[in-house]
Amino acid sequence: MNPFITTYQMLQQPVFDGPFTSWLDFISFVLNVMFALSIRGYLIFVLLGLMIYMTGLSDGLSKTLVVAGIGLYLSSPFILSTFVEAAGVAPITMESAAYAWFSLIGISDSELIAILVFLGDALMALCILVGAILYLTPTSNDLKARGQSLIVRALIFAPVLVFFHLSSWL
């Protein structure tokens, strides 16, 4: 048994259909991936931005990611339709966009969002735990303020995670 083939099958990486035969095929593939990103990919940007905000690592980056996700959701379908008309490729459908996303990333967008929500849950629990430890440490007021900030930011992110957990049931 070849270990490379076994590893490849375990990773379940999809294989491209082959090299692109023309520039129009490549442009069509890129536009399909961008359409898939504008359909559900904006949630990835928003979740990553909120997770970075919760940790307090970089407020500027987190705000940029959230604004980019919202901007992607609002503007990209119109821009992509203009690019499709200008390029003269086949119209983009939901199925072709989902196929292009799956062949590039390897997992569907809903699975990627589920992984991010799981990581968000773990990160929220960790931020609450570390925040409680810092808040209850009586050494300095700076640690108390930092702990309180971590707890509040984690509690702000909690309703977003609850929404994503309940959205699969709706």
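How many of the residues in segment 64-93 are in contact (Cβ under 8 Å) with a residue 40 or more places away in the chain and closer than 24 Å to Leu48 by Cα?
3
Where residues in segment 12-53 are among the polar types (S, T, N, Q) and over 23 Å from Pro77 (Cβ atoms), which of them is modelled with the lowest pLDDT?
Gln13
Here are the criteria: (1) out of contact with any Cys (no Cβ under 9 Å at 6 or more places or on another chain); (2) closer than 22 Å to Phe45 by Cβ; (3) not hydroxyl-bearing (Ser, Thr, Tyr). Tell me which single one Ala154 does not satisfy.
(1) is the only condition that Ala154 fails.
Considering only segment 131-170, state which residues are part of a helix (DSSP H, G or I), β-branched (Val, Ile, Thr) and in contact with a Leu (Cβ under 7 Å, 6 or more places away or on another chain).
Hit for segment 131-170 is Val160, nothing else.
If you scan segment 122-136, which residues turn out to be surrounded by fewer than 15 Cβ atoms within 10 Å (Cβ to Cβ) and closer than 13 Å to Val160 by Cα?
Within segment 122-136, no residue meets the criteria.
Got a sec? Which of Leu61, Leu57, Leu43, Leu50 is of a type in the set (A, V, I, L, M), assigned to a loop (DSSP other than H, G, I, E, B) and under 27 Å from Val117 (Cβ atoms)?
Leu57
Among all residue pairs at least 6 apart or on different chains, which show Cβ distances below 6 Å where the first residue, located in segment 141-162, is touching a residue at least 12 places away in the same chain (Cβ under 8 Å) and the second is among the aromatic types (Phe, Trp, Tyr) and part of a helix (DSSP H, G or I)?
Gly147/Tyr135; Gln148/Tyr135
Tell me which residues, restricted to segment 66-119, are hydroxyl-bearing (Ser, Thr, Tyr), over 23 Å from Phe164 (Cβ atoms) and surrounded by fewer than 14 Cβ atoms within 10 Å (Cβ to Cβ). Show your work before the answer.
Initially, segment 66-119 is screened for residues hydroxyl-bearing (Ser, Thr, Tyr), giving 73, 75-76, 81-82, 93, 96, 99, 103, 108, 110.
Those still in the list that are over 23 Å from Phe164 (Cβ atoms) too: 75, 81-82, 93, 96, 99, 103.
Those that are hydroxyl-bearing (Ser, Thr, Tyr), over 23 Å from Phe164 (Cβ atoms) and surrounded by fewer than 14 Cβ atoms within 10 Å (Cβ to Cβ): Ser75, Thr82, Thr93.
Could you please tell me which pairs satisfy a Cβ distance under 7 Å, a separation of 6+ or placement on different chains, a first residue in segment 108-129 that is of a type in the set (S, T, N, Q), and a second residue that is in a helix (DSSP H, G or I)?
What qualifies is Ser108/Phe102.
What's the number of the condition Leu31 fails, among (1) within 22 Å of Ile151 (Cα to Cα); (2) buried (at least 20 other Cβ atoms within 10 Å of the Cβ)?
(1)
Of all residues in segment 72-130, count the ones that are touching a helix residue (DSSP H, G or I) at 6+ places or on another chain (Cβ under 8 Å), assigned to a helix (DSSP H, G or I) and not small (Gly, Ala, Ser).
Of the residues in that region, 23 qualify.
The values are calculated or read from the model by the stated rules, or taken from the named source; none is laboratory data. These figures come from a predicted structure and were not determined experimentally. Backbone-built Cβ (ideal geometry, glycine too); neighbour counts: all protein chains shown.
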